[in-house]
């Protein structure tokens, strides 16, 4: 499956991402922790992205169903969390992305958000993918599927086909690292170009790539200091979007704090990523062999 590059785009509400388009960001806290803190984080990260000239989709999970421990914070409850996300959307006029974990989540979340995200561990769950595709057809929301940490980039072709065959048009896939033994992930940046050949924009998940799954006993660890470095490498390699979890106080975050970026570092990170994207568009990776 190698459609023309011009077709390798997707629309997230008013934002078109993919081939020939500016870098887009998916950024926000891991989970909706409360209304006030979510609005504070949204205000800052959206302002910083817009100041850098980068389109942004605000991210927060309304339900964290895949925590390491049953004792970990899962969320406010679906109704409360989706209401907070709806307020973010109204207040800042920004598209939203949230994770879904069950088929019945798809239609409900699509009433609020503009991008349904399939977690990596669930990327081959056919019923979940078909429910997301049905919600996409009904509402126009896009779909982002994270590549499972055990899958090759070539195998994501079958995920894309499931969604396309079910009618989904705006599909994105994300690389978030590959298992390298226990509690360790590595990144293969060739995966970006390989997955783009499936005819979809490719996102790089900078903060989950530095996660240490289950590495802190009853929760995951992480090394947030490496996330900007990996994000730069991914954009230089041709990534169309970058996903990152951010927080006003990562060490106090209720989920994924060790790999979340503090808001203070974002202006420098965003400026560097924009420059790298502009360079990649002017001289695309692999263009040495074209023609």
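The values are calculated or read from the model by the stated rules, or taken from the named source; none is laboratory data. Remember, it's a predicted structure, so these values are computed and weren't measured experimentally. FYI the Cβ positions are ideal-geometry reconstructions off the backbone, even for glycines, and counts take in every protein chain you see.
Structure data summary
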{"item": "Enumeration of residues in the stretch 122-150 that are closer than 17 Å to residue 10 by Cα and surrounded by fewer than 18 Cβ atoms within 10 Å (Cβ to Cβ)", "result": "134, 137, 138, 139, 140"}
{"item": "Answer from 89, 169 - the residue that is surrounded by fewer than 15 Cβ atoms within 10 Å (Cβ to Cβ), modelled with pLDDT of 95 or more and closer than 28 Å to residue 49 by Cβ", "result": "169"}
{"item": "The stretch 42-64 - residue that is in contact (Cβ under 8 Å) with a residue 24 or more places away in the chain, in contact with a strand residue (DSSP E or B) (Cβ under 8 Å, 6 or more places away or on another chain) and surrounded by fewer than 22 Cβ atoms within 10 Å (Cβ to Cβ) and, of those, nearest to residue 93 (Cα to Cα)", "result": "46"}
{"item": "Selection within the stretch 200-217 - buried (at least 21 other Cβ atoms within 10 Å of the Cβ) and either without any contact (Cβ under 8 Å) to a residue 60 or more places away in the chain or in contact with a helix residue (DSSP H, G or I) (Cβ under 8 Å, 6 or more places away or on another chain) (or both)", "result": "200, 202, 204, 205, 206, 207, 208, 209, 210, 211"}
{"item": "Members of the stretch 252-275 found to be closer than 17 Å to residue 223 by Cβ, surrounded by fewer than 21 Cβ atoms within 10 Å (Cβ to Cβ) and at pLDDT 95 or above, listed by number", "result": "262, 265"}
{"item": "Filtered residues of the stretch 174-189 (kept if more than 23 Å from residue 269 (Cα to Cα) and either free of Cβ contacts under 8 Å to residues at least 12 places away in the same chain or assigned to a strand (DSSP E or B) (or both))", "result": "178, 179, 180, 181"}
{"item": "Conditions (1) touching a strand residue (DSSP E or B) at 6+ places or on another chain (Cβ under 9 Å); (2) at pLDDT 95 or above; (3) surrounded by 15 or more Cβ atoms within 10 Å (Cβ to Cβ): number failed by residue 35", "result": "(1)"}
{"item": "Test for residue 33: is it under 25 Å from residue 106 (Cβ atoms) and touching a residue at least 24 places away in the same chain (Cβ under 8 Å)", "result": "yes"}
{"item": "Where residue 180 falls short, out of the listed (1) more than 23 Å from residue 137 (Cβ to Cβ); (2) more than 17 Å from the chain's Cα centre (by Cα); (3) crowded, with 16+ Cβ neighbours inside 10 Å", "result": "(3)"}
{"item": "Boolean, residue 163 is free of Cβ contacts under 8 Å to residues at least 60 places away in the same chain, farther than 27 Å from residue 128 by Cα, under 18 Å from the mean Cα position of the chain (by Cα) and buried (at least 19 other Cβ atoms within 10 Å of the Cβ)", "result": "no"}
{"item": "Qualifying positions in the stretch 65-86 - modelled with pLDDT of 90 or more, in contact with a strand residue (DSSP E or B) (Cβ under 9 Å, 6 or more places away or on another chain) and buried (at least 19 other Cβ atoms within 10 Å of the Cβ)", "result": "81, 82, 85"}
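Table: residues versus (1) out of contact with any strand residue (DSSP E or B) (no Cβ under 9 Å at 6 or more places or on another chain); (2) assigned to a helix (DSSP H, G or I).
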| site | (1), (2) |
| --- | --- |
| 191 | no, yes |
| 238 | no, no |
| 246 | no, no |
| 269 | no, yes |
| 279 | yes, yes |
